[in-house]
Amino acid sequence: MSIKNAIPLIFCAMALIACAGKSVNDNPLRTHNAVISVSAKQESIIKLLAFSDNFSNLTLEAQKKVFAETNQALTENKNDLTQRIQLAIMLSIPSSRLRDLGKAQNLLQELLQENTLTAPESALISLLYEYTVDNIKQSQKNKDDAAKLELIQQKYENLQQKNTALEQKLNDLKDIEKTMNERDTKSTGKQGSKP
């Protein structure tokens, strides 16, 4: 099929899709409000994702400043959903130099339980929450593995010390055996020289 034939088919398919979603008794004002509502929800998520990207690229000092400003805004209005989400982003994303997974998990869990999020916000917060929980689990696993490794290293060092002590005892026994052999050789030599 050529491009000339595909373009009209694509336009027809798009028109059919658009018409299929429209009912006969739709109120144009309600449709307009729904479009505005959907675009406002999308705009909110776009702003949050842009905030996340911008925050990731900031220096430590700039991140601290944004963090302090967000905390100040939350002191003035604890129910500011956007500021709370931004704080959760700052505490959970890997590029944050102020990362605190424990605080992030608690804040994200609170946000999810309040049911005040739009569907896109809820999806973003759920994703951050799952990521944070997974990171916490991985961090704990790493700590456990590090503790096991340290224990194994201690056991290895103890075995090395025991091995060194046993080698020293073996060398001491060889020296004793050598001394005894030399004494026996001398005494045998003396007894053989007597008439």
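The values are calculated or read from the model by the stated rules, or taken from the named source; none is laboratory data. All of these numbers come straight from a predicted model, not from anything done at the bench. Heads up, the Cβs are rebuilt from the backbone with ideal geometry, glycines too, and the neighbour counts pull from every protein chain shown.
Brief remarks follow.
- Against the criterion of being without any contact (Cβ under 8 Å) to a residue 12 or more places away in the chain, within 30 Å of THR70 (Cβ to Cβ) and either among the acidic types (Asp, Glu) or in a helix (DSSP H, G or I) (or both), LYS137 qualifies.
- Taken together, the residues in the stretch 71-107 that are more than 22 Å from the chain's Cα centre (by Cα), assigned to a helix (DSSP H, G or I) and among the basic types (Lys, Arg) amount to 0.
- Any hit, the stretch 155-172, residues being under 30 Å from GLY102 (Cβ atoms) and surrounded by 10 or more Cβ atoms within 10 Å (Cβ to Cβ): no
- GLU114 surrounded by 15 or more Cβ atoms within 10 Å (Cβ to Cβ) and either of a type outside the set (A, V, I, L, M) or at pLDDT below 90 (or both): no
- The stretch 42-70: number of residues that are out of contact with any helix residue (DSSP H, G or I) (no Cβ under 7 Å at 6 or more places or on another chain) and assigned to a helix (DSSP H, G or I): 15
- Selection status of LEU151, out of contact with any helix residue (DSSP H, G or I) (no Cβ under 7 Å at 6 or more places or on another chain) and surrounded by 15 or more Cβ atoms within 10 Å (Cβ to Cβ): no
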